[in-house]
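Each remark here refers to the structure printed beneath this line.
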Amino acid sequence: MRDPQEASAIAVAKRRARAAVKSAIAAGTTDPLGVARLAWDDPASAAATLRMNEFLGSIRGIGPTKVERILDDLDIRPRKRLGFLGVRQIERL
C-alpha cells in the first residue's frame with residue numbers, strides 16, 4: 001500500500017500530464033487525431049485518461065455547446081475516457 005504523500009504526488013503528476021496534452025492540442029502543436037490514436041493504442045498514456053468532454057473542449061473552435069452536441073450526436077457519454085471508447089464509438093468519432 002502506498003503512503004498518502006506518494007499517492008498524492010502520483011496523482012498530481014498524472015493531472016499535469018493530462019493538462020499538458022490539453023494545452024498542446026489547444027495551442028495547435030499536437031494533432032487531436034494523433035492524440036486519439038495514441039490513447040487507443042496505449043491505455044496507460046495520459047491521453048487515454050482524458051475525458052471526452054475535456055478532449056473535444058481542448059480543440060480550437062469547439063466550445064461547451066458544440067462539445068455537448070457532438071457527444072450527443074455520437075452517443076458517447078461526456079465522462080467517458082478517450083482511451084476506453086468501444087469499437088463502435090471510435091468508428092463514430
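No value in this document is a laboratory result; all are computed from the given coordinates. All figures in this text were calculated on a predicted structure; none of them were measured in a lab. Note: ideal-geometry Cβ built from the backbone for every residue, glycine included; neighbour counts use all protein chains shown.
Here's the list of lysines a cross-link from Lys66 could span, going by alpha-carbon distance under 26 Å and ignoring same-chain residues fewer than 8 apart: Lys22, Lys80. Across region 49-66, computed HN-Hα scalar couplings (Karplus, 6.51 cos²θ - 1.76 cosθ + 1.60, θ = phi - 60°) run 8, 5, 6, 4, 5, 6, 4, 5, x, 7, 7, 4, x, 10, x, x, 5, 5 Hz from first to last residue, x flagging Gly and Pro. Rounded to 0.05, the FRET efficiency of the Asp41 and Ala13 pair, given R0 = 30 Å and the Cβ-Cβ distance, is 0.90. Which label belongs to the value computed from this structure, given these candidates for Cα Rg over 2.2 N^0.38 Å: (1) 1.09; (2) 1.13; (3) 1.63? Computed from these coordinates, Cα Rg over 2.2 N^0.38 Å corresponds to label (2).
So what is the 222 nm mean residue ellipticity for the chain from helices alone, if each DSSP H run of at least 4 adds -39500 (n - 2.57) and you divide by all residues, rounding to the nearest 500 deg cm²/dmol? Don't skip to the end; give the middle numbers.
Values: 5 runs with 57 residues, N = 93.
That calculation yields -19000 deg cm²/dmol at 222 nm.
In percent, what relative contact order does region 29-93 have, based on Cα pairs under 8 Å that are 6 or more apart in sequence? The partial results should precede the final answer.
Values: 69 pairs, mean separation 23.9, N = 65.
This gives 37 percent for region 29-93.
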